[in-house]
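A quick write-up on the structure given underneath.
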Amino acid sequence: MKLSPLQKARYEYTPKLPGMLRNGVAEICVKEGEPTQSVADQEQIKALFPNTYGKREIKFERGKNTSVPKIHKVGVILSGGQAPGGHNVVCGLYDALKAANKENVLYGFKQGPSGLLEDDYIILEDDYIDAYRNTGGFDIIGSGRTKLETPEQFAVAAEVCKKHGITAIVIIGGDDSNTNACTLAEYMAANNTGVQVIGCPKTIDGDLKNEDIEVSFGFDTATKTYSELIGNIERDCNSSKKYWHFIKVMGRSASHVALECALETQPNICLIGEEVAAKKMSLSEIADQIADSVEKRAANGNNFGVAIIPEGIVEFVPEFSKLIAEINELLAGEKTAEFNALPDWKAKYAFIEAGLTKESMAVFEILPQGIQQQLFLERDPHGNVQVSLIESEKLFAEMVGEKMKARKAAGTYVGKYATQHHFFGYEGRCAFPSNFDSDYCYSLGYNAFMLISYGYNGYLSKVSNLSAPAEEWVAGGMPITKMMNIERRNGKDKPVIRKALTELDGAPFKYFEANRDKWAVETCFTFPGAIQYYGPAEVCDRPTITLALEQGKEI
């Protein structure tokens, strides 16, 4: 396989570790903190996790290693969607294993959790590992979305581990995957299997974080990749001066990605789903907000602009959520077949009109026909609307277009309005990881082995103080149960990790809020450019603006 010059150079990059991890595993000791409790529903979570609840947070320091020496056989799983840096978690884990004892073995289970259940694995060795250092993607062993959540699955996992003498499993994933890791850890402890389970926080969406986990890996690279593309579009937009660009970015459950991209590029508009929900904004109100910017910029002779739309925006709109719920009920059971048998859209529209409430029909009527049809054509295996597939960038572009026609007719708007649409999703999931993600992920993997060596189970690998230089990062671990609460899922109460939404009183949003009115009218675009890997640290190793603001740093 022919390698690009950058790929060759990245193979040779040596990731930076926190200071206390830099002198080898023999000089790392552990310091335990206070006992923990879950973020909510303490009694219920404690009852469900009697063997792993209430454990102490820990951090590693320089000092004599007091862990019990033994041969470690460890399994590693990449779970869920891809995120830049995943390979380096595996590489860091591998290097720490081998630094402790060359006889230690790392099993890579293929295609996610299903590899563990099906006993499908590869034993990872030097030559294989070296081909994936500092590279994007999850192709080192593949990923998958199989959930580990039933006692039957846990029993199979325990048997596979027993067969190979595996005494620890590292699950690299997002909130759902680490919820599964927490449940699996409890099973392993309750049944005295001798198998530890350690999680690593992954998701480009940025919604797996809290006071302990400052950022999930992949967020840095993905947002910088999207911001480069948005900056390129802004430069083109400011050159041709004839289009409004509506850009949807990933982030279904939270708006962290959209907010970070806005902080990086200063677009005219950025919608924040959490604000939409808090203010109970309607689709029409959101369109009016964008239309106000279009009108004011046109008055200055600027018939162009950029709007960033988070992927899950429509789910934050109360009236739209109600509409989706009614549509799901309308097509429940055999009604889907009845609807699909209707001869044309006119007949289907009549079916819809007869089945929706007056309020939801009023919302449905203002949608462009293409979006209306999409709501009924795109279904998931359970027959529900696949909201994530709704082309919200086109939805708002068209709704704003209708607003501008009405304003032109009223004589308040005299500009021109033409649009372009974009969706940035997969482009950011497997990019070459930034230096930050390369270093952070390698540290998470190295740190995961330290948790294993000291016998911890049901812990998340934790590296903090991330806005400082890597030398000052702090490595340790936190019980996954600390992140858990009870939520209603598919009609049942289930213990899950609480998603972190964008905080409207947080420093990143407050900075955005203080500047957005100016950005909406003036052309304040900034152009981040491509991720830099070599050069001054302030260029190559900088964290996201979100992280810097959250930790009180100037930007």
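None of the figures in this text is laboratory data; all of them are computed from the coordinates on show. Being a predicted model, the structure only gives us computed values, none of them experimental. Methodologically, a virtual Cβ is constructed for each residue, glycine included, from the backbone with ideal geometry; neighbour enumeration extends over all protein chains shown.
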Under the rule of at least 5 residues apart or a separate chain, name every residue whose amide H is placed under 5 Å from the amide H of Gln196.
Ala168, Ile169
In degrees from 0 to 90, rounded to the nearest 10, what is the angle of the helix 283-299 Cα long axis to the longest principal axis of the chain?
70 degrees
With -39,500 (n - 2.57) per DSSP H segment of 4 or more residues and division by the full residue count of the chain, the 222 nm estimate, nearest 500 deg cm²/dmol, is -13000 deg cm²/dmol
For each of Ile129, Ile452, Ile555, count neighbouring Cβ atoms within 10 Å of the residue's Cβ, then give the residues from fewest to most.
Ile555, Ile129, Ile452
For the charge dipole of the chain, defined by +1 on Lys and Arg C-beta atoms and -1 on Asp and Glu C-beta atoms about the Cα centroid, which residue among Asn210, Val276, Leu17 has the Cα displaced farthest towards the positive pole?
Leu17
Which entries in Lys163/Lys492; Lys248/Lys403; Lys102/Lys163 show an alpha-carbon gap greater than 23 Å?
Lys163/Lys492
Note down the magnitude of the dipole of the stretch 402-456 about its Cα centre, charges +1 on Lys and Arg C-beta and -1 on Asp and Glu C-beta and zero elsewhere, to the nearest 20 debye.
720 debye
What pairs in Lys8/Lys499; Lys16/Lys494; Lys209/Lys280; Lys59/Lys110; Lys408/Lys518 have C-alpha atoms more than 29 Å from each other?
Lys8/Lys499; Lys16/Lys494; Lys59/Lys110
Taking N as the number of residues in the stretch 103-173, what is its alpha-carbon radius of gyration divided by 2.2 N^0.38 Å?
1.14
Correct semi-axes for the stretch 72-193, from √(5λ) of the alpha-carbon gyration tensor and rounded to whole Å with the largest first, are 22, 17, 12
For Lys358, go through the aspartates and glutamates and keep the ones whose alpha-carbon is under 17 Å away, minus same-chain ones fewer than eight residues off.
Glu319, Glu326, Glu329
Angle, helix 392-410 long axis vs. longest principal axis of the chain, Cα atoms, 0 to 90°, nearest 10?
20 degrees
By average Cβ neighbour count within 10 Å, what is the ranking of 467-478, 327-338, 153-164 from highest down?
467-478, 153-164, 327-338
Size of the dipole of the stretch 118-219 about the Cα centre, Lys and Arg at +1 and Asp and Glu at -1 on the beta carbon, nothing else charged, in debye to 20?
160 debye
Percent of all alpha-carbon pairs of the stretch 252-343 at distances over 23 Å, whole number, is 42 percent
Over the stretch 497-555, one equal point on each Cα, no solvent: what is log10 I(q)/I(0) by the Debye formula at q = 0.16, 0.18, 0.24 Å⁻¹?
-0.72, -0.86, -1.09
With angles folded into 0 to 90 degrees, how steeply does helix 507-521 sit against the dominant principal axis of the chain? Use alpha carbons for both and round to 10.
30 degrees
I want the antiparallel fraction of DSSP beta bridges within the stretch 1-141, as a percent rounded to 5.
70 percent
Calculate log10 I(q)/I(0) of the stretch 424-555 for q = 0.10, 0.11, 0.14 Å⁻¹, where I(q) comes from the Debye formula with a single equal point scatterer on each Cα and nothing for solvent.
-0.50, -0.61, -0.95
How large is the Kirkwood hydrodynamic radius of the stretch 339-439, counting all unique pairs of alpha carbons, in Å?
17.1 Å
Using a 10 Å cut-off on Cβ atoms, rank the peptides 50-63, 236-249, 30-43 from the highest mean neighbour count down.
236-249, 50-63, 30-43
Would you please report the Å³ per residue occupied by the convex hull of the alpha carbon atoms in the chain?
170 Å³
For the ranges 141-148, 226-233, what's the packing order if you count other beta-carbon atoms within 10 Å of each residue, average per peptide, and put the highest first?
226-233, 141-148
Kindly provide log₁₀ I(q)/I(0) values, in the same order as q = 0.16, 0.17 Å⁻¹, from the Debye equation applied to equal alpha-carbon scatterers of the stretch 1-119.
-1.17, -1.24
Partner aspartates and glutamates for Lys73 [C-alpha distance under 15 Å; skip if fewer than 8 residues away on the same chain]:
Asp95, Glu103, Asp119, Glu125, Glu159
Please report, in debye to the nearest 20, how large the charge dipole of the chain is about its Cα centre when each Lys and Arg carries +1 at its beta carbon and each Asp and Glu carries -1 there.
440 debye
Which percent, to the nearest 5, of DSSP beta bridges fully inside the chain are antiparallel?
45 percent
Selection from Phe424, Tyr442, Leu501 lying farthest towards where the dipole of the chain points positive, charges on Cβ
Tyr442
